[in-house]
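Here's the structure, in structure tokens; my notes come after.
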Amino acid sequence: MRLSRLTAVTAAALLTVGLSACATSEASTDDAAGSAFEPITIEHALGTTTIETKPERVATVNWANHEVPLALGIVPVGMAAANYGDDDGDGLLPWVSEKLEELGGETPVLFDENDGIDFEAVADTQPDVILAAYSGLTQEDYDTLSEIAPVVAYPETAWGTSWREMIELNAEGLGMQQEGEELIADLESEMSEAAAKHPDLEGKNAMFLTHVDTTDLSEVSFYTTKDTRTMFFEDLGMAVAGSVKNASEGTDKFSLTQSAEQADAFNDVDVIVSYGGEELVTALESDPLLSQIPAVANGSIVLLPDTPLGTAANPTPLAISWVLDDYLTLLSDAAAKAK
């Protein structure tokens with residue numbers, strides 16, 4: 001059981017950090033510029049976290065949180081291995097590999113999270129802080145991680161943290177709030193410039209279907225306004241379909257399922273994005289109910305592969321720049337078919 005050695009491992013980690021403190025105290029006290037670190041208190045959905053000293057060893061868990069320290073020039077000591085879209089099997093998505101190479105950093109310890117958080121592996125990296133502003137941590141996960149180091153969890157909803165909030169909270173946990181704000185501004189500017197090249201997307205209503213079972217179209221699942229994939233549409237100059245917004249009201253879930261018999265509720269959808277191949281389009285167009293959705297009737301569908309391109313449709317700090325032009329082109333091609 002992963003928790004069986006956690007207490008002992010944590011104690012050993014703390015002892016090691018304590019023994020090494022003397023060797024690093026001169027370098028870490030007040031920094032070269034003489035500015036003292038002010039303790040940080042962060043409130044989030046799972047509690048309140050106080051970070052007393054500037055973190056030097058940064059670990060991250062769950063999806064993409066490592067991209068914030070990397071974008072700010074810090075190589076984590078440990079982070080979650082990529083478990084979707086990793087086309088070469090090295091546990092790193094291409095934009096992460098590129099950033100590590102740019103920074104001249106070695107690959108961090110990669111946590112295997114296929115069966116949940118590996119608490120012992122996290123403890124072994126002896127972190128000063130654990131970043132998880134975009135995550136699905138349970139209260140139990142949070143409490144266990146907090147035995148290792150201060151944890152920055154999500155602000156309100158599991159897996160509902162926007163890329164902006166991910167940067168804001170994780171950067172604050174690093175004591176780099178201003179740098180985080182500058183990163184957000186840079187990305188917003190980049191997206192605005194790129195979207196301006198595709199004016200045809202303005203006003204187009206979009207919907208993001210989850211992985212569709214083409215053998216059973218009696219119901220369809222879609223990402224709500226709580227999911228970052230849906231939030232991304234508005235960054236790119238599009239609109240989230242009103243039908244999706246209405247269905248999302250009053251729920252904290254990042255996806256919902258609706259009967260195909262109610263497909264007419266989505267008669268305002270101009271563009272559909274989903275994962276899959278041409279067999280998905282064929283199945284949707286052949287279905288007597290779903291084929292009535294305007295986006296299906298017009299063939300205004302973006303198909304995302306299970307590759308880094310498909311992964312990056314979920315916007316994260318480093319993936320946005322990597323995918324922006326390609327994703328906008330796909331959306332623009334689909335929007336051109338809308339009537």
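The values are calculated or read from the model by the stated rules, or taken from the named source; none is laboratory data. Model, not experiment: these values are computed from the prediction. No Cβ is skipped: glycine too gets one built from the backbone with ideal geometry, and neighbour counts run over all protein chains shown.
Working only within region 239-288, note down all residues that are free of Cβ contacts under 8 Å to residues at least 40 places away in the same chain, part of a loop (DSSP other than H, G, I, E, B) and among the hydrophobic types (A, V, I, L, M, F, W, C).
ALA241
Quick check on region 191-201. Is at least one of its residues touching a residue at least 40 places away in the same chain (Cβ under 8 Å) and either among the polar types (S, T, N, Q) or more than 21 Å from MET238 (Cβ to Cβ) (or both)?
no
Just to be sure I understand, how many residues within region 98-121 are in contact with a strand residue (DSSP E or B) (Cβ under 9 Å, 6 or more places away or on another chain) and farther than 16 Å from GLU56 by Cβ?
The number of residues fulfilling the criteria is 7.
Can we say ASP270 is under 27 Å from the mean Cα position of the chain (by Cα) and not β-branched (Val, Ile, Thr)?
Criteria met by ASP270.
Could you check region 123-136 and list, in sequence order, the residues that are in contact with a strand residue (DSSP E or B) (Cβ under 8 Å, 6 or more places away or on another chain) and surrounded by 24 or more Cβ atoms within 10 Å (Cβ to Cβ)?
PRO127, VAL129, ILE130, LEU131, ALA132, ALA133
Could you check, for region 67-75, whether at least one of its residues is buried (at least 18 other Cβ atoms within 10 Å of the Cβ), touching a Ser or Thr at 6+ places or on another chain (Cβ under 9 Å) and in a loop (DSSP other than H, G, I, E, B)?
Taking every residue of region 67-75 in turn, none turns out to be buried (at least 18 other Cβ atoms within 10 Å of the Cβ), touching a Ser or Thr at 6+ places or on another chain (Cβ under 9 Å) and in a loop (DSSP other than H, G, I, E, B).
I need a count of the residues in region 315-335 that are touching a Ser or Thr at 6+ places or on another chain (Cβ under 8 Å) and either surrounded by fewer than 20 Cβ atoms within 10 Å (Cβ to Cβ) or at pLDDT below 95 (or both).
Here the count works out to 0.
Being crowded, with 21+ Cβ neighbours inside 10 Å and either of a type in the set (Val, Ile, Thr) or under 16 Å from TRP63 (Cβ atoms) (or both) is true for just one of ASN170, ASN205. Which residue is that?
Being crowded, with 21+ Cβ neighbours inside 10 Å and either of a type in the set (Val, Ile, Thr) or under 16 Å from TRP63 (Cβ atoms) (or both) holds for just one of ASN170, ASN205, which is ASN170.
In region 149-162, what count of residues is obtained for those that are in contact with a helix residue (DSSP H, G or I) (Cβ under 6 Å, 6 or more places away or on another chain) and crowded, with 23+ Cβ neighbours inside 10 Å?
Counting residues in region 149-162 that are in contact with a helix residue (DSSP H, G or I) (Cβ under 6 Å, 6 or more places away or on another chain) and crowded, with 23+ Cβ neighbours inside 10 Å gives 3.
Can PHE254 be described as over 30 Å from THR49 (Cβ atoms), among the aromatic types (Phe, Trp, Tyr) and either buried (at least 20 other Cβ atoms within 10 Å of the Cβ) or within 20 Å of the chain's Cα centre (by Cα) (or both)?
no
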